[in-house]
Amino acid sequence: DVQLQVSGGGLVQAGGSLTLSCAASGFTFDDYAIGWFRQAPGKDREGVSCLSSADGSPYYADSVKGRFTISSDNAKNTVYLQMNSLKIEDTAVYYCAANYAERLCAPYVYDYWGQGTQVTVSS
């Protein structure tokens, strides 16, 4: 069965950095897409960054380009989201999700979800 375990959330000051980890089991990254999503209060869940075996380049939301980096350790079946230069508007519940070779970084196309982790950026 597909399981996703998220860790790394917490409180950080604006301008700081934080790394989220998503440890996956039950599938191989060679055949699946892994995405990071977030949902801020009063907003829809949005795609932050996604990696897919069906796409050669990662996707980044415009709001995080140049600040966030998605990476994977295939041997550990773990995906990371390195978040730098954090802004208050990055505050949200962050989710890790997976789907089979998905190209689109949108919540509605992802089937498997980990638990949410709160990221709070303070001034």
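The values are calculated or read from the model by the stated rules, or taken from the named source; none is laboratory data. These numbers were taken from a predicted model, which means no experiment stands behind them. Cβ coordinates were reconstructed from backbone atoms using ideal geometry, including for glycine residues, and neighbour counts include every protein chain displayed. Just the protein is used for accessible areas: all its heavy atoms, side chains included, with ligands, DNA and RNA removed. Shrake-Rupley method; radii C 1.70, N 1.55, O 1.52, S 1.80 Å.
The table below gives the values:
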read-out	value
Subset of the range 72-86 [touching a residue at least 12 places away in the same chain (Cβ under 8 Å) and either of a type outside the set (Lys, Arg) or touching a Ser or Thr at 6+ places or on another chain (Cβ under 9 Å) (or both)]	SER72, ASN74, ASN77, THR78, VAL79, TYR80, LEU81, GLN82, MET83, ASN84, SER85, LEU86
Selection from the range 18-53 of residues that are in contact with a strand residue (DSSP E or B) (Cβ under 6 Å, 6 or more places away or on another chain) and of a type in the set (S, T, N, Q)	THR19, SER21, SER25, GLN39, SER49, SER52
Residue in the range 45-61 that is of a type in the set (Gly, Ala, Ser), farther than 21 Å from TYR112 by Cβ and modelled with pLDDT under 95 present	yes
The range 22-43: number of residues that are without any contact (Cβ under 8 Å) to a residue 60 or more places away in the chain and of a type outside the set (Phe, Trp, Tyr)	9
Enumeration of residues in the range 19-44 that are under 22 Å from ARG67 (Cβ atoms) and within 12 Å of the chain's Cα centre (by Cα)	THR19, LEU20, SER21, CYS22, ALA33, ILE34, GLY35, TRP36, PHE37, ARG38, GLN39
Where a residue in the range 47-70 is acidic (Asp, Glu) and its partner, wherever it lies, is open to solvent by 70 Å² or more (accessible area, probe 1.4 Å), with Cβ under 7 Å and at least six apart	ASP55/ARG103
